[in-house]
Amino acid sequence: MTRPNDRPAADDGTATFAKQGTIAFGGNILKKVLGFGIIAVITRLVSPSVYGLFVLATSLVLLLQTLATLGLPKAIDYFVPQYRAEGRFAEARGVVVQALGITLVASVATAVLLAAVAETLSRWFGEPSLYVALLLLLVALPLLAVYNVLLACFSAIKQLKYRVYTRDLVRPTVRFGATVALLFAGYGLLGVLGGYVAGLLVCVVVGSVLFVRNAPDIVGADTKLVPTRPLLAYATPLAVAGIVHVVLGQIDYFIIGAFGTTDGVGIYRVGYMIASNLLVVFVAVAPIFKPLVAEARHDDAAVIRHYRNATRWVTGLTLPLAIVIALGAEAYLSLIFTPQYAAATTAVGILVIGFLINVAFGGPDGTLLQGLGYSRLVLLNSALLLGINAVGSALLVPVIGITGAAIGSALSLAVVGVAALVQVYYLRGIHPFTMDLWRVLAAGVPATAAGAAVVLLSPWLVVVAVVLPIVVMGVYVGSILAFDGLVEADVELAAQFGPAAEQAVAAAVD
């Protein structure tokens, strides 16, 4: 039955949110497929220790690159939408120029520093080959700076299809082709590194061309530099938060590498990658959610509408995926990669719980805080996330290996998700919990039971891998319909998949 209060106004931003979020979601799916293809090839052509060495090298580079950017790409998709909404295109261009210039200079300086300490780092990790890997990745630092600025620019102008073209299509495709060619040519670690750099380079070139051609109001405007202090005041806490998140994403690898072996690093990396697929919807929503909130930050009704729609969509699309990954982890690890990676099965299940709590009970609350201007709270939450994860992993990894790393990560994700939810409610008096959200969550119960039956009754991993998602999704969709879990905003989302989908959802809502 239709619930009138859920019907959005024609110009409330819901259609833009749905359209751009759907574009980004499709891109994320494509990126995941190509990314899994790359890792599947790598894990079959090189040993877990070589892959683990690659993970360590790129983790160090990403950490340093986050330090070098000073968080300025985050300022682009906060300030530029505001300037464009006010017709101040010269200032919008000024923000982009300042962010790009500062991050490029800082990235080059960081590359010089990395070259000086690369040998020391390789000795500290006890991996002589790490020295060569870090030297080869020096060029990635300035490339990553331009890459992040471009992605922020595409979010700022609310044209996520260009993010999809560059980040989700061009980069993984080129990386896949280059990596496969180099590995079959016998280059081993050098082939993996070469494919990584090649994908990044071509992506930056293509992204730059797309931005110049499709952002005439910014590219064609005069440059009016804006005061640097407000940019840094907003961006610096996010820069530190970004550093914390990068450290968070890599600290488990560092701890496993320090207390275990590079084999463990490689196996845990694959398991973490499987579990992090739960973020595919959130990552699609966040780039368009933040500029929409930044534009409407003084309109509580609009902010609440965007927040609740985003949370329902993120939770509703993430929940069945979480059920499939948690129940089918062993099958997917063994079949997509090799049976030795099934050692990460328990870790995947634990990580799924952490990601799901973080997503289902808060939605994009961290992005909401950014869009509302509370960058210092984002920093506080990131520090909390890192602290819990670091302490938990450091205590547990020496005892139970990669399972301990998973427990530390899952616990930190759950705690910080709840903390952000409380902060949003305290600051603005809003929350995502409506009866419509509870209906979505309730639909996961019968879907989980049906999926568990598939896993318990089938002795063949191939059957589990194929049948499990079909059964879970079928029961989940049926339960959503039975519980009357669709609302009018979902019609806008369905419209992005064609008239037939829109009519079907509209009929279900009515």
task: Starting from residues that are charged (D, E, K, R) and over 22 Å from residue 379 (Cα atoms), keep the ones in the stretch 74-115 and report whichever is surrounded by the fewest Cβ atoms within 10 Å (Cβ to Cβ).
output: 86
query: Out of the residues in the stretch 403-431 that are of a type in the set (Ser, Thr, Tyr) and in contact (Cβ under 8 Å) with a residue 60 or more places away in the chain, which is nearest to residue 268 (Cα to Cα)?
result: 409
- line: Scanning the stretch 173-230 residue by residue, those hydroxyl-bearing (Ser, Thr, Tyr) and assigned to a loop (DSSP other than H, G, I, E, B) turn out to be 187, 223
- request: Taking only the stretch 113-143 into account, find how many residues are of a type in the set (D, E, K, R) and touching a residue at least 12 places away in the same chain (Cβ under 8 Å).
  value: 2
Residue check, residue 337 crowded, with 22+ Cβ neighbours inside 10 Å, farther than 15 Å from residue 270 by Cβ, of a type in the set (Phe, Trp, Tyr) and in contact (Cβ under 8 Å) with a residue 24 or more places away in the chain: no
query: Would a scan of the stretch 144-162 turn up a residue that is over 20 Å from residue 200 (Cβ atoms), free of Cβ contacts under 8 Å to residues at least 60 places away in the same chain and among the hydrophobic types (A, V, I, L, M, F, W, C)?
result: no
task: Please find, within the stretch 215-230, the residue that is surrounded by the fewest Cβ atoms within 10 Å (Cβ to Cβ) out of those that are more than 17 Å from residue 155 (Cα to Cα) and within 29 Å of the chain's Cα centre (by Cα).
output: 229
- request: Could you look through the stretch 398-421, keep only residues that are of a type outside the set (Gly, Ala, Ser) and closer than 15 Å to residue 383 by Cα, and pick out the one that is surrounded by the most Cβ atoms within 10 Å (Cβ to Cβ)?
  value: 416
task: For residues that are of a type in the set (S, T, N, Q) and at pLDDT below 80, scanning just the stretch 200-245, find the one that is nearest to residue 374 (Cα to Cα).
output: 236
- prompt: For residue 420, are the conditions met, namely being of a type outside the set (Ser, Thr, Tyr) and at pLDDT 85 or above?
  reply: no
message: I'd like to check something: does the stretch 92-99 contain any residue that is touching a residue at least 12 places away in the same chain (Cβ under 8 Å) and within 24 Å of the chain's Cα centre (by Cα)?
response: yes
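The rows are residues; the columns are (1) aliphatic (A, V, I, L, M); (2) part of a helix (DSSP H, G or I); (3) farther than 27 Å from residue 367 by Cβ.
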| site | (1), (2), (3) |
| --- | --- |
| 64 | yes, yes, no |
| 67 | yes, yes, no |
| 95 | yes, yes, no |
| 103 | no, yes, no |
| 109 | yes, yes, yes |
| 130 | yes, yes, yes |
| 135 | yes, yes, yes |
statement: Apart from one, (1) at pLDDT below 80; (2) in a helix (DSSP H, G or I) all hold for residue 323; the odd one out is (1)
message: Given (1) within 16 Å of residue 356 (Cα to Cα); (2) in contact (Cβ under 8 Å) with a residue 40 or more places away in the chain, identify the lone condition not met by residue 434.
response: (1)
task: Could you please let me know if residue 407 is at pLDDT 80 or above and either farther than 29 Å from residue 441 by Cβ or within 19 Å of the chain's Cα centre (by Cα) (or both)?
output: no
field: Considering residues of the stretch 430-476 that are outside any helix (DSSP H, G or I) and more than 27 Å from the chain's Cα centre (by Cα) only, the residue surrounded by the most Cβ atoms within 10 Å (Cβ to Cβ)
entry: 458
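The values are calculated or read from the model by the stated rules, or taken from the named source; none is laboratory data. These numbers were taken from a predicted model, which means no experiment stands behind them. Don't worry about glycine lacking a Cβ; one is built from the backbone with ideal geometry, like all the others, and counts go over all protein chains shown.
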